[in-house]
Amino acid sequence: MTQSSGAGTPRGSFLAEVKDAVTPRAILLVTGTGILALLFIASYVGALHDPKPKDVPFGVVAPQVAAEQSVTRLENLPGDPLDPRALPDAATARSQILNREIDGALVIDPSRTTDTLLVATGGGRVLAATLETLVATLERSEARALRTIDVAPADPRDANGLTSFYLIVGWCVGGYLTASIMAISSGARRPTVRRSVIRLLTLALVAVIGGLGGALIVGPILNALPGSIAALWGLGALITFAVGAATLAFQALFGLAGIGLVILIVVILGNPSAGGALPPPLLPPFWRDIGPALPPGAGTWAARSIAYFRGNDMTGSLLVLSAWAAAGIAVTLLAGALRGRDPAKPGTPAET
């Protein structure tokens with residue numbers, strides 16, 4: 001006689017096998033994964049499919065009347081690709097580029113027929129090339145020639161200026177994978193305060209080791225990115241810990257779904273808005289606005305500052321990463337204190 005499995009379904013039948021193989025929980029997880037995949041496509045294609053410069057900070061150096069006329073002309077370009085401002089001299093323009101206040105500058109010499117464009121490929125080769133194409137077109141319309149000077153050149157081995165971005169992506173992956181593995185390995189047990197502290201300390205150790213490893217790989221091992229090894233090490237440790245702590249916090253609040261939320265924030269939203277493939281001025285408004293507040297964007301900006309801009313203009317990015325780390329620690333410990341007590345076994349005190 002054939003035995004039944006579940007609500008009248010013969011055990012061993014195909015339908016019973018399907019029910020055993022694909023549980024309601026599995027259906028929910030697969031549905032969530034499918035949604036994340038579609039969001040991945042929408043986010044990456046939406047951010048990167050049609051790059052256009054928008055309000056790129058840009059300096060103009062010229063005698064007063066010529067500077068005012070040039071600024072007005074650049075302000076009135078269709079689509080507002082530039083955000084021009086007059087600067088007193090070429091030295092100021094160079095300084096502001098190195099301080100990451102502007103992305104380029106045009107130095108106009110009315111006594112000659114050739115003007116000079118200052119760019120910084122260290123901030124992104126695509127942006128520098130876009131500025132050169134735009135300004136060269138304008139110069140030709142006035143029968144003037146253009147020469148380009150790279151104030152902060154990207155390393156020749158840093159193809160398209162992407163090494164810093166991939167370095168940050170690697171550190172982010174290390175952070176959320178480490179935290180996810182620690183969370184999943186404990187099964188369904190709620191994170192207690194003690195367990196959370198141990199996980200955070202383990203994460204900190206992994207972050208320090210991973211930060212050093214990444215800095216050594218892109219530095220002396222592959223010679224792919226210049227800059228201080230110590231500074232890159234510190235940045236790597238901070239971003240790895242920040243992403244990992246955020247993952248622990250989301251997992252403590254939402255369980256396994258919290259890991260999906262981290263993937264949504266860091267990978268689906270964070271990576272295309274980080275300014276890696278396309279620097280921020282070439283991104284659509286939504287991605288340009290959220291990028292600096294997310295770990296990949298803050299990390300990429302800081303890594304390029306270390307490599308090519310003498311460490312200038314990193315404070316905001318470091319504060320963002322520190323905020324993610326601090327919030328991750330606080331939420332993880334608070335969730336452990338409020339929700340993480342395991343039921344006390346007979347004759348033993350409850351774990352804290």
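For PHE14, state whether it is buried (at least 16 other Cβ atoms within 10 Å of the Cβ) and modelled with pLDDT under 95.
no
Taking the residues in region 73-118 that are polar (S, T, N, Q) and modelled with pLDDT of 95 or more as candidates, determine which candidate is surrounded by the most Cβ atoms within 10 Å (Cβ to Cβ).
Within region 73-118, the subset polar (S, T, N, Q) is 76, 92, 95-96, 99, 111, 113-114, 116.
Filter once more, keeping what is modelled with pLDDT of 95 or more: 92, 95-96, 99, 116.
Details: THR92: 15, SER95: 15, GLN96: 20, ASN99: 13, THR116: 17.
Filtering region 73-118 for residues that are polar (S, T, N, Q) and modelled with pLDDT of 95 or more, the one surrounded by the most Cβ atoms within 10 Å (Cβ to Cβ) comes out as GLN96.
Restricting the search to region 149-179, which residues are hydroxyl-bearing (Ser, Thr, Tyr) and crowded, with 21+ Cβ neighbours inside 10 Å? Let's see the steps before the verdict.
Taking region 149-179 first, the residues hydroxyl-bearing (Ser, Thr, Tyr) are 163-164, 166, 176, 178.
Residues satisfying the conditions are THR163, SER164, TYR176, THR178.
List pairs: first residue in region 85-101 and in contact (Cβ under 8 Å) with a residue 12 or more places away in the chain and part of a loop (DSSP other than H, G, I, E, B), second residue surrounded by 15 or more Cβ atoms within 10 Å (Cβ to Cβ) and among the β-branched types (Val, Ile, Thr) anywhere in the structure, Cβ distance under 9 angstrom, at least six positions apart or on different chains.
Listed pairs, sorted by first residue: PRO88/VAL61; ASP89/VAL61; ASP89/VAL107.
Go through GLY328, GLY260 for me and flag whichever is modelled with pLDDT of 95 or more and either out of contact with any strand residue (DSSP E or B) (no Cβ under 9 Å at 6 or more places or on another chain) or crowded, with 19+ Cβ neighbours inside 10 Å (or both).
One residue alone meets the criteria, GLY328.
Quick check, is ALA237 within 21 Å of GLY328 (Cα to Cα) and at pLDDT below 95?
Details: within 21 Å of GLY328 (Cα to Cα): yes; at pLDDT below 95: no.
No.
The rows are residues; the columns are (1) in a strand (DSSP E or B); (2) of a type in the set (Ser, Thr, Tyr).
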{"site": "THR133", "(1), (2)": "no, yes"}
{"site": "ARG140", "(1), (2)": "no, no"}
{"site": "THR148", "(1), (2)": "yes, yes"}
{"site": "PRO153", "(1), (2)": "no, no"}
{"site": "ARG157", "(1), (2)": "no, no"}
{"site": "LEU167", "(1), (2)": "no, no"}
{"site": "GLY170", "(1), (2)": "no, no"}
{"site": "GLY175", "(1), (2)": "no, no"}
{"site": "ILE184", "(1), (2)": "no, no"}
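The values are calculated or read from the model by the stated rules, or taken from the named source; none is laboratory data. None of these values were measured; they are calculated from a predicted model. Glycine gets a Cβ as well: all are built from the backbone with ideal geometry, and neighbour counts include every protein chain shown.
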